[in-house]
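The structure under discussion appears below in the form of structure tokens.
The values are calculated or read from the model by the stated rules, or taken from the named source; none is laboratory data. Keep in mind that this is a model prediction, so the values were computed, not measured. Here the Cβ is made from the backbone with ideal geometry for all residues, glycine too, and neighbour counts use every protein chain on show.
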Amino acid sequence: MEDPLAKDLLILKQDFNMGHWEGDTLIEAHHKQALIILVKHKRGYALIAKVSNKTSDLVSHVIITILNYVTPLVRTLSLESSKIN
């Protein structure tokens with residue numbers, strides 16, 4: 001059976017701006033939980049994960065874990081942080 005992500009990964013490899021991802025952490029108002037969103041705008045891809053605690057160790061671990069799905073396609077990552085009211 002063919003890997004469903006294989007075709008998308010092949011398309012990403014052919015991307016002119018291959019490897020540039022942008023990330024944002026959306027922190028809920030009480031500063032307990034957060035969403036981590038990594039986006040490849042040119043192709044419209046997004047990797048999203050929820051963390052129950054926004055410690056730097058946990059957030060870093062989750063970012064590394066979700067980027068493992070597309071490791072060969074990551075060269076740079078720009079991050080921002082936003083608060084959800």
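List of remarks:
- Taking the criterion of being assigned to a loop (DSSP other than H, G, I, E, B) and farther than 17 Å from residue 71 by Cα, the residues of segment 17-40 that qualify are 28, 29, 30, 31, 32, 33.
- Residue tally, condition surrounded by 17 or more Cβ atoms within 10 Å (Cβ to Cβ) and assigned to a strand (DSSP E or B), over segment 50-67: 1
- Filter pass, residue 70 being at pLDDT 85 or above, under 12 Å from the mean Cα position of the chain (by Cα) and surrounded by 11 or more Cβ atoms within 10 Å (Cβ to Cβ): no
- Across segment 38-49, the number of residues qualifying as loosely packed, with under 14 Cβ neighbours inside 10 Å and either in contact (Cβ under 8 Å) with a residue 24 or more places away in the chain or under 11 Å from the mean Cα position of the chain (by Cα) (or both) comes to 3.
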